[in-house]
Amino acid sequence: MVHAPNPDRALRIARNHAYAHQIWWLIASFIALIIIFQFLSWAVSKYYSRNTPKGKKPADAEAGASPIPSPRRFSLRNIPTAIINVYRVVAFRWTLEIGQSYTLNFAEVFITVAYIVALFTWEFVNTTDTQGQKLDISYWGSRAGSLAVTQTPLITALGTKNNVISYITGISYDKLNYIHRMTARVVFVLLWVHGGAKLSHSVPEEFDEWFIRIGLTAIIAFSILILVSLRPIRAEAYEVFYFTHFFMVLIFLLGGYFHAKKVDFATYVWPSFLIWALDRFIRVARVVYYNHLYFGFSSKSDRLDASVELLSPHFVRLHISRPPHFNWTPGQTAFLVMPTVSGNPLEAHPFTIASVDSHYQLTTAEKPDLEKKASSDAVDIAPYWKELVFLINVREGFTKRLAAIAQKGEKVKVLIDGPYGFSPNLDNDDTVVLVAGGSGVTFTLSTFLGVLSHVQNKKSKCRRIVWVWTIREADHIEWVSKALSKALELAPSDLEISIRIYVTGRSASNETALRQVKSWNEDDSIHSSEGTTVGKSRPPSLLNFPAVQVNQGRPDIPALLHDEVDATTGRISVTVCGSQGIARACRKALRVPISTGLNGGPSVVLHVESFGYA
């Protein structure tokens, strides 16, 4: 007896394939829209660089004087600036705050909601069978699995360090990491909708089918992956997350491939293997290329070992000789592989590079002094322009073992992979404000040195730079004191610089250090008639420069940023690297009203860098 074909089965299969194509067209269109917005942002910055007149620059680069607000008035020409400011405020500075440590801006909220709505719209649309039964489980149950499978290449691409989405949109891989986790969690829900629907309508004999068992194994592996990727686990047990992530992804993709192959959807899974393999190949090739002197057993290999200093119980400074051909821009990160420190010789950890490439080295009109170059100060300063320097926050696991090695004064072998990330373009900003908390100085220090270099080489239109650094102990100033002192000595004379350091700790050593700073500020005999520091009454220190102010307590970030916005014309950028509290304060302070732009106020740009990979 010949059974008539099931019209519902043919209809389900056809719709599953059609909707898979449709959702990828939607994703491709959204990526194209992001590219257009990025291009428009670049075009606007170019417009400001060509059409915004340069104001009069201060004569003293170290005066640290407060800016004088410029008169403003309404003009129709200000409407584009006002619109752009409103867009930035709504998209990136209005936030949804979850607890004390998790913040989503409205752009991320919009993407999350839109992605969920899109997937679940395709999941439940047209699920009425040929008999007229609505929301037939055989329709939406199988479709949930097919939609989840189609998203595996997207999830894989967003999770790699070298992904095409990052390169074509100009959005750094670490910022795309939120989208990676979000899409994975939405797919996790779809997989269990698919699995739950099948389990509820299956008979025990069906579990003898190999593709059912392997599909269930893949879902369980993915569930474990989602569990260990939660922020508290990533932050407290990163090494557990790292290794579990690797093995669970492998099990999920292999199981998903063979399960999907049964229903002709494997073509959406195997590209994930190619994406992952390409990323690993590029990373291994970079490690071999930049560290070939190690692999070649060169006589110079011992000199490539990194010097490790224990700056405090909670911070380590790492110096590495710059590998041949390794170039980076301020604010980029590098992955460090330390076989003698890591639990696994292939384990890599990301850190921000605190130094700048030699291309950003500041110059002086005076003839070089060979004796100065040989001094101990020159030895301490040189790494910030000629070597890779990392300031590493000591926690548990890897960093704790590194701190123990630093305490012994030993060196470590380090393999470098990178650089990664995109540096914010500050060349078109009239005022640059840098805000750092604790180890966030790594990002802002390199950015500060990069801005000085570009101003000196006439690549930047910056007229004023303000750096705010919040630390717990006054002794932390010495981490970067000599490098900053040298930078201030060589800073362009037409650039106004203000460095404000806030010490939040209340220890006795902090009180003593701050009293000493105040006594220096009251001693007028140390200044020459030109306003420069003679330095006879103070020990050689960053604090000798009048551009540097040290204060007790936390900074009033809203008041500080409001003053800078009120005093700036043209364009102002605020770059933040610190805790969630500091980032939230900056976002709230820069929610400028539309009237600011309409009345001739500046175009306000905010760059927020997160603390660490977790």
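Below, the figures for the structure above:
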| quantity | calculated |
| --- | --- |
| Inter-centroid distance (Cα atoms) of the range 423-470 relative to the range 220-239, Å | 36 |
| Distance from the range 537-598 to the range 76-123 (C-alpha centre basis), Å | 24 |
| Under the Karplus curve 6.51 cos²θ - 1.76 cosθ + 1.60, θ = phi - 60°, whole-Hz ³J(HN,Hα) for the range 488-499, x wherever Gly or Pro sits | 5, 5, 9, 4, x, 5, 9, 10, 8, 10, 9, 10 |
| Theoretical gain in end-to-end length, F106 to L227 [0.36 nm per residue, Cα-Cα removed] | 41.0 nm |
| Contour minus Cα-Cα distance for H359 and L254 (0.36 nm per residue) | 33.2 nm |
| 5 angstrom amide H check on W467, placed H, neighbours 5+ away | L434, S498, I499, R500 |
| Approximate spin-label separation T128-W25, in nm, with each point projected 7 Å along Cα-to-Cβ | 2.3 |
| Amide proton proximity set for V608, modelled H, under 5 Å, gap of 5+ | V576 |
| Full-extension gain in nm, R213 to N177, via 0.36 nm per residue minus C-alpha separation | 9.9 nm |
| Pairwise label distance in nanometres, W270 with L135, each label 7 Å out on the Cα-Cβ vector | 3.8 |
| Packing-based order for 144-155, 163-174, 29-40, 474-485, using average beta carbon neighbours within 10 Å, highest first | 144-155, 474-485, 163-174, 29-40 |
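No value in this document is a laboratory result; all are computed from the given coordinates. Note that the coordinates shown come from a computational prediction; the quantities given were computed from them, not determined experimentally. Note that we place each Cβ from the backbone using ideal geometry, even for glycine, and neighbour counts take in every protein chain shown.
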